[in-house]
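Undergrad: The structure under discussion is supplied below as structure tokens; questions concerning it will follow.
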Amino acid sequence: MDDLVLAGAAGIIGLFMAAVVLLYGAYSIAGLMYAALVSREYGVMLIITATILAAVSFYMAAGIWLRSTDRI
Amino acid sequence: MAHVLISPLNWGLGHATRDIPIIKKLLDHHHEVTIAACGNALAVLENEFPECRFITFPDYPVPYSASRFFLPKFVAFFPLMLKAISDERKNLGAILAKNQYDLIISDNRLGVFSSTIPSVFITHQLHYHLPMIFWPVELLAVAMNGYLHGKYLKVIVPDNPPGPASLAGKLSRPGTDETKKRAYFSGILTSTRRLDIAQDLDYLVMISGPEPQRTRLEEILLDQIRELEGTSVILLGSPRNRDKQKQSRNCQVMAYASTQEKEELMNRAKCIICRSGYTSLMEIAELGKQHALFIPTPGQTEQEYLSEYYEKKGWFHSKSQYQLDLPEDIRLAHEPRYTGFPAVPHTRENVDRLYEQVLAEFLE
């Protein structure tokens with residue numbers, strides 16, 4: 001098979017796998033949050049929420065930095 | 001005399017029309033040119049160059065979306081695109097087996113290259129612009145482009161070199177060493193020429209691009225154009241709707257205009273209202289127009305980026321079709337803060353230089 005097509009196939013598989021991992025991560029976190037809510041462990045809920053907010057902020061900050069420095 | 005295979009992408013007519021000056025130049029130097037394309041791109045070039053050989057060469061289905069959400073559909077489209085590239089590679093093998101070629105010119109067709117025949121690639125997008133939330137994908141696309149460009153000896157970019165006069169901004173900025181080594185900035189390439197005629201038309205509205213957004217813009221503009229004072233011509237870019245042609249005192253609606261008619265109208269216009277597609281922008285740069293209003297196709301990130309870039313540079317005013325207020329936006333487009341594009345070398349000069357500095361090496 002042509003190496004361009006092979007590279008494209010590998011790239012698409014990689015993208016879809018990354019999407020699956022992301023969705024599985026979101027599903028697992030939602031499960032943890034639900035379990036913490038049911039067992040009234042509000043401290044755990046707070047930690048999970050703070051971690052999510054920190055991760056999203058870091059992700060967005062990285063994007064803003066890349067744009068503002070003209071890297072993307 | 002050498003034999004050149006040239007293959008433009010058929011996503012709109014922009015790729016085919018910007019190749020016209022290159023094909024003319026090759027024919028002027030008595031080279032044999034075979035054009036491999038499909039759809040309207042093939043039809044336009046057949047009409048323009050009856051002396052060339054033509055091969056029907058299918059490309060990729062267009063991933064345009066009916067909604068604003070172009071990107072998710074585009075992502076889901078990748079596997080189909082890969083299948084089309086795989087078929088393209090096989091078809092190219094069959095074309096190359098039947099004839100001897102000295103040079104392959106691919107205009108944005110990713111699978112049109114050979115490891116044994118010198119191949120060059122034409123693109124104005126060395127860097128794809130995506131919404132910021134997808135920044136990792138944008139970074140990956142830079143690396144992917146580097147890999148793709150590595151398949152070619154040269155990458156011809158129809159823009160001025162990166163810097164203050166770059167018309168495509170970050171889109172034409174090379175992101176990897178592979179791309180940097182190969183990039184040749186030819187300057188603008190367009191088949192539209194500057195004519196020595198009077199500018200006696202106040203507004204030329206060119207409605208183009210993929211459906212259904214073309215029709216949506218048509219509805220919006222036909223509704224608002226009545227509020228404008230002065231003469232106007234609206235090109236619907238829709239040859240099938242000839243019944244929509246009409247003329248009132250100040251406004252003429254044309255379903256379709258030939259290449260020559262469009263060229264004449266563009267030359268006559270004092271102000272042009274159109275999508276911010278790169279082909280239209282090169283035409284406006286070639287004609288040295290000072291006043292234009294750009295309306296990006298919703299969801300097309302390239303057009304949205306260019307609109308924003310021109311606003312920031314103070315070259316032209318842009319507005320989303322969803323917020324368009326034609327009389328007010330036309331007034332803004334004429335404000336002195338918008339200067340038009342900086343003076344750039346014209347196509348004729350650019351294509352002469354491109355031939356001498358890049359193409360001649362493979363052909364003579």
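Readers should treat all values here as calculations from the given coordinates under stated rules, not as data from a laboratory. Predicted model, so just to flag it, every value in this text is computed and none were measured. Glycine also receives a Cβ, built like all others from the backbone with ideal geometry; neighbour counts cover every protein chain displayed.
Undergrad: Could you tell me which of rounded, prolate or oblate describes the protein assembly as shown, using a ≥ b ≥ c as the square roots of the eigenvalues of the alpha-carbon gyration tensor, with rounded for a/c under 1.5 and, failing that, prolate when a/b is larger than b/c and oblate otherwise?
TA: oblate
Undergrad: Right, another one. Could you work out, residue by residue across B:40-51, how many beta carbons of other chains sit within 10 Å of that residue's beta carbon, and then give the average as an integer?
TA: Mean partner-chain Cβ count within 10 Å for B:40-51: 0.
Undergrad: On a straight-distance basis, which lysines could pair with B:Lys181 in a cross-link, Cα separation under 21 angstrom, same-chain partners fewer than 8 positions away excluded?
TA: Output for B:Lys181: B:Lys151, B:Lys154, B:Lys170.
Undergrad: Rounded to the nearest 500, what is the 222 nm mean residue ellipticity of the protein assembly as shown from helices alone, with -39500 (n - 2.57) per DSSP H run of 4+ residues and division by all residues?
TA: -15000 deg cm²/dmol
Undergrad: What percent does the relative contact order of segment B:27-172 come to when contacts are Cα pairs within less than 8 Å and at least six residues apart?
TA: 15
Undergrad: Same structure, new question: By a straight-distance test (C-alpha under 19 Å), which aspartates and glutamates pair with B:Lys180 as possible cross-link partners, with residues fewer than eight away in the same chain excluded?
TA: Here the aspartates and glutamates satisfying the reach criterion relative to B:Lys180 are A:Asp70, B:Asp107, B:Glu138, B:Asp159.
Undergrad: With the Cα gyration tensor of segment A:3-68 giving a ≥ b ≥ c as the square roots of its eigenvalues, does the rule (a/c under 1.5 for rounded; else a/b larger than b/c for prolate; else oblate) give rounded, prolate or oblate?
TA: Taking the square roots of the gyration eigenvalues as a ≥ b ≥ c, segment A:3-68 is oblate.
Undergrad: Using only the alpha carbon atoms of chain B, find the Kirkwood hydrodynamic radius as the inverse mean reciprocal pair distance, in angstroms to one decimal.
TA: The Cα-based Kirkwood calculation yields 21.2 Å.
Undergrad: Further question on the same structure: How high is the relative contact order of segment B:201-333, in percent, counting Cα pairs under 8 Å that sit 6 or more residues apart?
TA: After rounding, I find 24 percent.
Undergrad: A further question follows. Taking N as the number of residues in segment B:201-333, what value does Rg over Cα atoms divided by 2.2 N^0.38 Å take?
TA: Ratio of Rg to 2.2 N^0.38 Å for segment B:201-333: 0.96.
Undergrad: Label segment B:190-233 by shape, choosing from rounded, prolate and oblate, from the square roots a ≥ b ≥ c of the eigenvalues of the Cα gyration tensor; if a/c is under 1.5 it is rounded, and otherwise prolate applies when a/b is larger than b/c, oblate when it is not.
TA: Oblate is the answer for segment B:190-233, as a/c is 1.5 or above yet b/c matches or exceeds a/b.
Undergrad: Can you list the trypsin sites (Lys or Arg not before Pro) in segment B:300-364 that are in a DSSP coil and have 12 or fewer other beta carbons within 10 angstrom?
TA: Passing sites in segment B:300-364 are B:Arg337.
Undergrad: Using the Cα centre of the protein assembly as shown as the reference point, and only Cβ charges (+1 on K/R, -1 on D/E), how large is the resulting charge dipole? Debye, rounded to the nearest 20.
TA: I would put it at about 640 debye.
Undergrad: In the protein assembly as shown, with Lys and Arg counted as +1 and Asp and Glu as -1 at Cβ, which of these residues, B:Pro296, B:Ser119, A:Met17, has the Cα nearest the positive end of the dipole, that is, farthest along it?
TA: A:Met17
Undergrad: A further question follows. Restricting to bridges with both residues inside chain B, how much of the DSSP beta-bridge set is antiparallel, in percent to the nearest 5?
TA: Roughly 5 percent of the DSSP beta bridges within chain B come out antiparallel.
Undergrad: Using Cα atoms only, what is the angle between the long axis of helix A:3-38 and the major principal axis of chain A, expressed in degrees (0 to 90) to the nearest 10?
TA: For helix A:3-38, the angle is close to 0 degrees.
Undergrad: What's the average, rounded to a whole number, of partner chain beta-carbon atoms within 10 Å of each residue's beta-carbon in A:4-12?
TA: Counting Cβ atoms of other protein chains within 10 Å of each residue's Cβ and averaging gives 6.
Undergrad: Let me ask another. Along the charge dipole of the protein assembly as shown, Cβ charges K/R +1 and D/E -1, which of B:Ile156, B:Ala43, B:Thr215 sits furthest on the positive end?
TA: B:Thr215
Undergrad: Can you tell me the relative contact order of chain B? Whole percent, Cα pairs under 8 Å, sequence separation 6 or more.
TA: 15
Undergrad: Once you charge only the Cβ atoms, +1 for Lys and Arg and -1 for Asp and Glu, what is the size of the charge dipole of segment B:134-224 about its Cα centre, to the nearest 20 debye?
TA: For segment B:134-224, the charge dipole is close to 740 debye.
Undergrad: Could you pull out every whole DSSP H run in chain B that spans at least 20 Å of Cα extent along its own axis and averages 0.5 or higher on the Kyte-Doolittle scale?
TA: Span-like helices in chain B: B:135-149.
Undergrad: Run the dipole for segment B:216-364 about the Cα centre, Lys and Arg Cβ at +1, Asp and Glu Cβ at -1, nothing else charged, and hand back the magnitude in debye, nearest 20.
TA: 540
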